[in-house]
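First up is the structure itself, then whatever we jot down about it.
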Amino acid sequence: GRAAQPARQRTDAGVLRGSWFRGAAGFGDLALGAVAAIEQERSFCYAYHADLDTIGHFYGPGSEEWLLQLEFVDALAERIGRRMPPGSLLVVTADHGMITADERIDFDTEPLLWEGVRVIAGEPRVRYLHTESDEVADVWREFLGAGAEVLSREDAVEAGWFGPVSPLAVDRIGDVVVAMKNSAVLVRSQAEPVFSNLKGFHGSRTRAETAIPVLFHASL
């Protein structure tokens, strides 16, 4: 049978609320769809491609596989820029950076880290601890040493780690926030076996994860 064409529909999701969403089947569809949106409506168009992030998670940023995928993304941006109408602007960026894990600390095999922890959430680069003891933060600081920043929820919010925080969202942060430094990750080999074996991770506060390049191309 004939493949279905990506649907165009109104979205109410988060920051894209009120915009139109159109799925893309591949690079060509994404490039031509972005250009068509600009030509027809002369407005802001957000075109997202996820494969570079996926390759980074599996093989690590900077790997041969990742670099080759980056070449494809570069070619995609070039194709979009070449077809854009005069007076338009192409901005190429990412939502985050990534590190390759070189040290793995396993929560599931370190009983000391369990003590006083009711729930552990988040991901390997930043964990959120919902605790039953006020001593948890001190235990984690001593255990992780210089490999992580360990702050109470109040201190992390006051330090501006999350920007403005709604009172409705404060409890979701957890009582203790653990932000890993360098290239260390805090995994869960039993509860998150697939996730724990990835090579690339992001979500912490290092420059590699937060200092994101922005490239501009003006179509004259």
Pairs, first among the polar types (S, T, N, Q) in the range 187-204, second surrounded by fewer than 14 Cβ atoms within 10 Å (Cβ to Cβ), C-beta under 7 Å, six or more apart: 189/109
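Go through the range 135-159 and give me each residue that's part of a helix (DSSP H, G or I) and open to solvent by less than 30 Å² (accessible area, probe 1.4 Å). Even if it seems obvious, please write down each step before you answer.
Taking the range 135-159 and keeping what is part of a helix (DSSP H, G or I), we get 136-147, 153-158.
Correct list: 136, 137, 140, 144, 147, 156.
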Of all residues making up the range 38-64, the number that are out of contact with any Gly (no Cβ under 7 Å at 6 or more places or on another chain), open to solvent by less than 80 Å² (accessible area, probe 1.4 Å) and either in a helix (DSSP H, G or I) or of a type in the set (Asp, Glu) (or both): 6
Test: residue 172 is modelled with pLDDT of 95 or more and either crowded, with 17+ Cβ neighbours inside 10 Å or under 30 Å from residue 52 (Cα atoms) (or both): no
Extreme residue, modelled with the highest pLDDT, among residues of the range 14-37 that are open to solvent by 60 Å² or more (accessible area, probe 1.4 Å) and under 25 Å from the mean Cα position of the chain (by Cα): 27
Single unsatisfied condition, residue 99 versus (1) touching a strand residue (DSSP E or B) at 6+ places or on another chain (Cβ under 8 Å); (2) more than 30 Å from residue 64 (Cα to Cα): (2)
Any pair with Cβ under 8 angstrom, 6 or more apart, that starts in the range 42-67 at a residue that is modelled with pLDDT under 95 and ends at one that is open to solvent by 50 Å² or more (accessible area, probe 1.4 Å) and of a type in the set (Gly, Ala, Ser): 47/24
Residue match in the range 92-102 (condition: in contact (Cβ under 8 Å) with a residue 40 or more places away in the chain, part of a strand (DSSP E or B), of a type in the set (S, T, N, Q) and in contact with a helix residue (DSSP H, G or I) (Cβ under 8 Å, 6 or more places away or on another chain)): no
Residue 77 vs. criteria part of a helix (DSSP H, G or I) and small (Gly, Ala, Ser): yes
Filter result (surrounded by fewer than 10 Cβ atoms within 10 Å (Cβ to Cβ) and assigned to a strand (DSSP E or B)) within the range 203-220: 216
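Looking only at residues that are of a type in the set (Lys, Arg) and open to solvent by less than 80 Å² (accessible area, probe 1.4 Å) in the range 91-134, which one is farthest from residue 48 (Cα to Cα)?
Residues of the range 91-134 of a type in the set (Lys, Arg): 104, 118, 125, 127.
Now restrict to residues that are open to solvent by less than 80 Å² (accessible area, probe 1.4 Å): 125, 127.
Numbers: 125: 24, 127: 27 Å.
For the range 91-134, the residue satisfying everything is 127.
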Residue check, residue 188 under 21 Å from residue 111 (Cβ atoms), at pLDDT 95 or above and of a type in the set (D, E, K, R): yes
Residue pairs meeting the criteria (Cβ under 7 Å; at least 6 apart or on separate chains; first free of Cβ contacts under 8 Å to residues at least 40 places away in the same chain, in the range 18-34; second among the aliphatic types (A, V, I, L, M) and open to solvent by less than 40 Å² (accessible area, probe 1.4 Å)): 24/30
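The values are calculated or read from the model by the stated rules, or taken from the named source; none is laboratory data. Keep in mind that what you see is a predicted model, and the values were worked out from it rather than measured. So basically every Cβ, Gly included, is an ideal-geometry build from the backbone, and we count neighbours across all protein chains shown. All accessible areas refer to the heavy atoms of the entire protein, side chains included, with ligands and DNA or RNA removed. Shrake-Rupley method; radii C 1.70, N 1.55, O 1.52, S 1.80 Å.
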